[in-house]
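Peer 1: Quick one: structure below, then a few questions.
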Amino acid sequence: MSCKYYAPTGGHPSQDQLLTDRAVFTDAYAVIPKGTMRDIVTSFLPFWEKTRLWVLSRPLSGFAETFSQYIMEVEPGGGSDRPETDSGAQGVLFVVEGTATIIVDDTSYELTPGGFAYLPAGKHWTMRNTSKGVTRFHWIRKLYEVVDGLERPDVIIANENEIVPTVMPDTDGKWATTRFVDPSDLRHDMHVTIVTFEPGAIIPFLETHVMEHGLYVLEGKAAYRLNQDWVEVEAGDYMWLRAFCPQACYAGGPGKFRYLLYKDVNRHMTLRP
């Protein structure tokens, strides 16, 4: 059964809308509500045609340190033959609406909603929207940390609808993770997964760990504990969590609460600037 994914469409709020919103920016976490993703805050990139994007995170003092995350919106006929301009950057694409046709090593792949692509650093690829509708997808980028003796990761093409989620132990199936990468494959220094909570499920302790997180809510709503605060989040909201920021949540129902999760993994802690 296909899953549902929230995707922003832009637009502009009317003059009679209240100014107050749920946006929060601290040195430990940030919440970017879906209502902030309007036409006025879109960006553009070199060598992309008929494309705009929302930047959700970027390396910045007091903010994300290891990655950037975009929501790309590509009109029919749009795309790029030179999408990545940094040879050291690896990428993950996750399609939430429409169809993305990518070509890697002369092989063409069609990504539909739920479609996932891992694109190693230095790998040339292209992306086109050859459909008649708008295509929207997440693009997560991270500089690859080379380790002497480890080979580079391979290209991965998958779809979450064809993957059986891994259930968290002792949760009666109420908390599960869809993994696109084998966790034991230490070639990878980033993981992008989908976390699913059934209505009423919880993270029953304040997780406090070294991984930095980017969380985009694909479906549902929840009350999230971030550092010392409780915030409410819903489909279309984005959260950034600094390393060691305490975190937990209650899934609010009535449907599933699901989010796309980024984290940095499998490397020594950097000791030099």
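The values are calculated or read from the model by the stated rules, or taken from the named source; none is laboratory data. This structure is a prediction, so every number in the text was calculated from the model and none was measured. Glycine also receives a Cβ, built like all others from the backbone with ideal geometry; neighbour counts cover every protein chain displayed. Each accessible area value is taken on the protein alone, full model and side chains, heavy atoms only, with ligands, DNA and RNA left out. Shrake-Rupley method; radii C 1.70, N 1.55, O 1.52, S 1.80 Å.
Residue-by-condition table, conditions (1) within 22 Å of MET239 (Cβ to Cβ); (2) in contact (Cβ under 8 Å) with a residue 12 or more places away in the chain; (3) surrounded by 18 or more Cβ atoms within 10 Å (Cβ to Cβ); (4) of a type outside the set (Lys, Arg):
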position	(1), (2), (3), (4)
TYR5	yes, yes, yes, yes
PRO8	yes, yes, yes, yes
GLY11	no, yes, no, yes
GLN15	no, no, no, yes
ARG22	yes, yes, no, no
ASP27	yes, yes, no, yes
VAL31	yes, yes, yes, yes
MET37	yes, yes, yes, yes
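Peer 1: Continuing with this model, one more query. Restricting to the range 218-246, and then to whatever is assigned to a strand (DSSP E or B) and within 17 Å of THR193 (Cα to Cα), can you tell me which residue is most open to solvent (accessible area, probe 1.4 Å)?
Peer 2: GLU219
Peer 1: Yes or no: the range 57-70 includes at least one residue that is surrounded by fewer than 20 Cβ atoms within 10 Å (Cβ to Cβ) and among the β-branched types (Val, Ile, Thr).
Peer 2: no
Peer 1: Right, here's the next one. Determine whether THR66 is modelled with pLDDT of 95 or more and assigned to a loop (DSSP other than H, G, I, E, B).
Peer 2: Against the criterion (modelled with pLDDT of 95 or more and assigned to a loop (DSSP other than H, G, I, E, B)), THR66 qualifies.
Peer 1: Does the range 81-95 contain at least one residue that is out of contact with any Ser or Thr (no Cβ under 9 Å at 6 or more places or on another chain), assigned to a loop (DSSP other than H, G, I, E, B) and either open to solvent by less than 20 Å² (accessible area, probe 1.4 Å) or of a type in the set (Lys, Arg) (or both)?
Peer 2: no
Peer 1: Do you know which residues across the range 107-164 are open to solvent by less than 10 Å² (accessible area, probe 1.4 Å), part of a loop (DSSP other than H, G, I, E, B) and polar (S, T, N, Q)?
Peer 2: Scanning the range 107-164 gives a single hit, ASN129.
Peer 1: Would you check if PHE47 is touching a residue at least 12 places away in the same chain (Cβ under 8 Å) and open to solvent by 80 Å² or more (accessible area, probe 1.4 Å)?
Peer 2: yes
Peer 1: Now, a different point. Just the residues that are surrounded by fewer than 20 Cβ atoms within 10 Å (Cβ to Cβ) and either of a type in the set (Lys, Arg) or within 21 Å of GLN247 (Cα to Cα) (or both), please, taken from the range 177-190.
Peer 2: If the condition is that a residue be surrounded by fewer than 20 Cβ atoms within 10 Å (Cβ to Cβ) and either of a type in the set (Lys, Arg) or within 21 Å of GLN247 (Cα to Cα) (or both), then THR177, ARG179, ARG187 are the ones that fit.
Peer 1: Suppose the filter is basic (Lys, Arg) and within 22 Å of SER57 (Cα to Cα); does ARG187 pass it?
Peer 2: no
Peer 1: For the range 191-206, which positions are assigned to a strand (DSSP E or B), open to solvent by less than 30 Å² (accessible area, probe 1.4 Å) and not polar (S, T, N, Q)?
Peer 2: Answer for the range 191-206, where residues must be assigned to a strand (DSSP E or B), open to solvent by less than 30 Å² (accessible area, probe 1.4 Å) and not polar (S, T, N, Q): HIS191, VAL192, ILE194, VAL195, PHE197.
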